[in-house]
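Peer 1: Let me give you the structure first, and then I'll get to my questions.
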């Protein structure tokens, strides 16, 4: 005997009709009474209650979405600027060595020689033969005012005429109209004047500062070609902190050797901070660096001539001397950070995408080229080794 259970109290089956099939022979049907909810009650829905914790989580989620969206827009804008600067670069003319360029190493070796020569004339040579030291110092000044200023003025003027300068009107500045011709002449004349001003600043260290800006562009593009090495801000932050740390070490040494004129913000302090501050300009066109460099150099020149004095040491960063303090080896960010930016602009013009845009004889594999490269790599070590000797000479000279 089979037992079949079913619901017979007006409950519809799967087809929407009540089950009214008669029992088959030998089959017993058991009817189970079921309480059916009225239609009005079946439409009642239970709404969830929004607790404060749920609202707080929702607000945090929406805030997180807004922050992520803003970050994505900033990254997209930065990538657009970088792509724009690359697209404006001229075709690569020649690639001799993607890692080192012998002319850059030769320039750095020249700067090292100028630095050692200047320090000798103002310390040990001054002790031994004061007359010869004065003649050597005059030679440095004449080189700056003639050869150096002419060379840098010409290079800076040629920079704004290059297609790698990334000036939007470059293609149209062909002299078709008087306005475009005047703009072209004005840019060239202003750049030449800026080169002359920079070449006559300081005591020879401006060449090394200018070269540092150019070298940063080469390092930046070299790191981009090797993603594993990374070209992130952390690299330049670490490098800048290392250079600034050596500057602090020489600050301590200056209080031991020459406490009457300590080094509170010397060239290493400036180069360390400039390495960090210059990072955003490495991915932008050359004209951006030059546009920021000009007012910085001009303002630094004005502050240097105004001889402003104030209480406190914070003004040292900008060329404002603290009251009653004499300084040795002082290189403020104004105007020298502008010189770094000028070097970055020149690097982007003459070495677009980290590659040489002009032709030179290949001396990288010669004995002289390898020697220049080896000496250039050790420039920071050479400075660190000779600076205590220089400070000791200045201490003996002052008695």
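Peer 1: For region 322-339, state whether one or more residues are modelled with pLDDT under 90, touching a helix residue (DSSP H, G or I) at 6+ places or on another chain (Cβ under 7 Å) and either closer than 18 Å to residue 202 by Cα or not assigned by TED's automatic domain parsing to the domain that holds residue 215 (or both).
Peer 2: yes
Peer 1: Report yes if some residue within region 282-297 is part of a helix (DSSP H, G or I) and closer than 19 Å to residue 241 by Cβ; otherwise report no. If you could, list the steps in order and put the result at the bottom.
Peer 2: Residues of region 282-297 that are part of a helix (DSSP H, G or I), as a first pass: 282-283, 286-297.
From the residues that got through so far, the ones that are closer than 19 Å to residue 241 by Cβ too are 282.
Yes.
Peer 1: Residue 309 is checked against (1) closer than 17 Å to residue 270 by Cβ; (2) touching a strand residue (DSSP E or B) at 6+ places or on another chain (Cβ under 6 Å) and fails just one. What number does that condition carry?
Peer 2: Every listed condition holds for residue 309 apart from (1).
Peer 1: I would also like to ask the following. Take the residues of region 147-168 that are outside any helix (DSSP H, G or I) and closer than 15 Å to residue 348 by Cα: which is modelled with the lowest pLDDT?
Peer 2: In the first step, residues of region 147-168 are kept if they are outside any helix (DSSP H, G or I); the result is 162, 166-168.
From what's left, closer than 15 Å to residue 348 by Cα: 162, 166-167.
Numbers: 162: 85, 166: 60, 167: 51.
This residue is 167.
Peer 1: Being surrounded by fewer than 23 Cβ atoms within 10 Å (Cβ to Cβ) and either in contact with a strand residue (DSSP E or B) (Cβ under 6 Å, 6 or more places away or on another chain) or not in a helix (DSSP H, G or I) (or both), is that true of even one residue in region 337-351?
Peer 2: Narrowing region 337-351 to residues surrounded by fewer than 23 Cβ atoms within 10 Å (Cβ to Cβ): 350-351.
So of that shortlist, the ones also either in contact with a strand residue (DSSP E or B) (Cβ under 6 Å, 6 or more places away or on another chain) or not in a helix (DSSP H, G or I) (or both) come out as 351.
Checking region 337-351: at least one residue is surrounded by fewer than 23 Cβ atoms within 10 Å (Cβ to Cβ) and either in contact with a strand residue (DSSP E or B) (Cβ under 6 Å, 6 or more places away or on another chain) or not in a helix (DSSP H, G or I) (or both).
To keep it simple, each residue is scored yes or no on (1) more than 27 Å from residue 196 (Cβ to Cβ); (2) touching a helix residue (DSSP H, G or I) at 6+ places or on another chain (Cβ under 8 Å).
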site	(1), (2)
119	no, yes
131	yes, no
139	no, no
146	no, no
149	no, yes
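Peer 1: Please find, within region 352-377, the residue that is farthest from the chain's Cα centre (by Cα) out of those that are outside any helix (DSSP H, G or I) and exposed (fewer than 15 other Cβ atoms within 10 Å of the Cβ).
Peer 2: Going residue by residue through region 352-377, those that are outside any helix (DSSP H, G or I) are 355-366.
If we keep only those that are exposed (fewer than 15 other Cβ atoms within 10 Å of the Cβ) too, we end up with 358-362, 365-366.
Working: 358: 25, 359: 28, 360: 29, 361: 31, 362: 30, 365: 31, 366: 33 Å.
Among them, the one singled out is 366.
Peer 1: From 246, 207, grab the single residue that is surrounded by 20 or more Cβ atoms within 10 Å (Cβ to Cβ), in a helix (DSSP H, G or I), under 22 Å from the mean Cα position of the chain (by Cα) and assigned by TED's automatic domain parsing to the domain that holds residue 355. Steps first, please.
Peer 2: Values: 246 fails: surrounded by 20 or more Cβ atoms within 10 Å (Cβ to Cβ).
Checking each option against the conditions leaves just 207.
Peer 1: May I pose another question? Whether any residue in region 262-275 is under 10 Å from the mean Cα position of the chain (by Cα) and surrounded by fewer than 19 Cβ atoms within 10 Å (Cβ to Cβ) is what I want to check. Write out each step before concluding.
Peer 2: First, pick out the residues of region 262-275 that are under 10 Å from the mean Cα position of the chain (by Cα): 274-275.
Of the ones still in play, those that are also surrounded by fewer than 19 Cβ atoms within 10 Å (Cβ to Cβ) are none.
No: region 262-275 contains no residue that is under 10 Å from the mean Cα position of the chain (by Cα) and surrounded by fewer than 19 Cβ atoms within 10 Å (Cβ to Cβ).
The values are calculated or read from the model by the stated rules, or taken from the named source; none is laboratory data. What you are looking at is a predicted structure, and each value in this text was computed from that prediction instead of being measured. In this analysis, Cβ positions are derived from the backbone assuming ideal geometry, glycine residues included, and neighbour counts consider all displayed protein chains.
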